[in-house]
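Note sheet for the following structure.
The values are calculated or read from the model by the stated rules, or taken from the named source; none is laboratory data. Remember, it's a predicted structure, so these values are computed and weren't measured experimentally. When we count neighbours, we look across all protein chains shown, and the Cβ atoms used for this are built from the backbone with ideal geometry, even at glycine.
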């Protein structure tokens, strides 16, 4: 039964390899030795992706979620050593602080340079969630401010146009009547 399951889940090209093997354990060991990929390549790729990860024009939430998915996958490959002396707690605290620095380094400096400088002056950089919340609130504040500025500019442009007699007003419609045949 297990041999039939193996036949169904592996690629058809490999069926010849297991057709005449009798013991399922032997088949499994042989396939594992031949085709199992090591984790080192994936860990290297994840770390490379983390180094290259920048916010760019993305929203902070999208940038953070991308980083978080990379960190979470990398955590599946890295084992925290069990410790009775508290070294494990220190190790996790250091990893969290490393994530904070990675997050800050990838932020769009044109938008968050001053805020990041202030955050880095703080002695307590151990909470990634706290740093993310501060940056996210700043992004929301900037978005609201830009909407207000756009509305103010639109009102000002409309007022200027009306004062010059441009647009659809009484002056424009009376001028139009003069030129009609």
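Tell me, please, whether a residue that is exposed (fewer than 11 other Cβ atoms within 10 Å of the Cβ) and at pLDDT below 90 can be found in the stretch 41-54.
yes
Across the stretch 79-117, what is the number of residues that are surrounded by 10 or more Cβ atoms within 10 Å (Cβ to Cβ) and within 23 Å of the chain's Cα centre (by Cα)?
25
Could you list all residues from the stretch 86-114 that are assigned to a helix (DSSP H, G or I), closer than 26 Å to residue 142 by Cα and touching a residue at least 12 places away in the same chain (Cβ under 8 Å)?
99, 100, 101, 102, 103, 104, 106, 111, 112
For the stretch 2-40, which positions are at pLDDT below 75, touching a helix residue (DSSP H, G or I) at 6+ places or on another chain (Cβ under 9 Å) and either within 30 Å of residue 71 (Cβ to Cβ) or assigned to a loop (DSSP other than H, G, I, E, B) (or both)?
Those that are at pLDDT below 75, touching a helix residue (DSSP H, G or I) at 6+ places or on another chain (Cβ under 9 Å) and either within 30 Å of residue 71 (Cβ to Cβ) or assigned to a loop (DSSP other than H, G, I, E, B) (or both): 10, 19, 21, 22, 35.
Against the condition at pLDDT 95 or above and part of a helix (DSSP H, G or I), how does residue 74 come out, does it pass?
No: the conditions fail for residue 74.
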